[in-house]
Amino acid sequence: MTTQGKTYQFKLVLLGESAVGKSSLVTRFVKDHFDEYRESTIGAAFLAQTISLDDNTTVKFEIWDTAGQERYKSLAPMYYRGANCAVIVYDITQTSSLDKAKSWVDELQRQADPDIVIALAGNKTDLEARRAIDTKAKYADEAGLLFFETSAKTAHNVTELFTAIAKRMPLEQ
Ligand code: GDP
């Protein structure tokens, strides 16, 4: 039997401070792999991955993984402009990374497409013993964001994060 399914394509951008695990989350999602000693992303990297929501519905994400370094900051609008969804990542062991994440939320809410779906991801839950930031579900809820705490290392909530975004996307265009 052939399926007559439809594939919906969306541009997704990852933003957040350097070393919070943006590339690792993408690698976990796309390749189901984790690399402890990966090289930093220069500029931005592009990957694609699909999620089947049901027999008839597939969501394809074109993923732009941006470099977090301050010196690449001026490039960011190029990636979030025209983005349908964004994952803003912080590291639950680094307080500064949450401040940075909140400033990305502000910037996107002011300057990105008004319909952009934004998810906040508190990464590195495997480092619970070094947690410096309590769960930010309330902040995310008030800001209208999807929210997950994740671990690219153990794969905790990674599929759940991207699936929740897929389900939030407008599929009847
Ligand atoms: P990016 O600069 O935000 O893209 O961060 P990377 O993906 O390059 O990760 C930065 C460092 O954090 C690397 O050494 C990763 O191995 C590590 N890392 C990423 N995600 C996790 C995680 O969930 N748990 C732990 N323990 N380390 C992680």
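Every read-out reported here was derived from the displayed coordinates using simple, explicitly stated rules and does not represent laboratory data. This is a predicted model, so every value here is computed, not measured. Cβ coordinates were reconstructed from backbone atoms using ideal geometry, including for glycine residues, and neighbour counts include every protein chain displayed.
Observations on the model:
- The lone exception for Phe162 - which of (1) part of a helix (DSSP H, G or I); (2) over 14 Å from the mean Cα position of the chain (by Cα) it fails: (2)
- Within the option set Thr41, Thr7, Thr57, being surrounded by 15 or more Cβ atoms within 10 Å (Cβ to Cβ), farther than 24 Å from Val105 by Cβ and not hydrophobic (A, V, I, L, M, F, W, C) holds for one residue only, Thr57.
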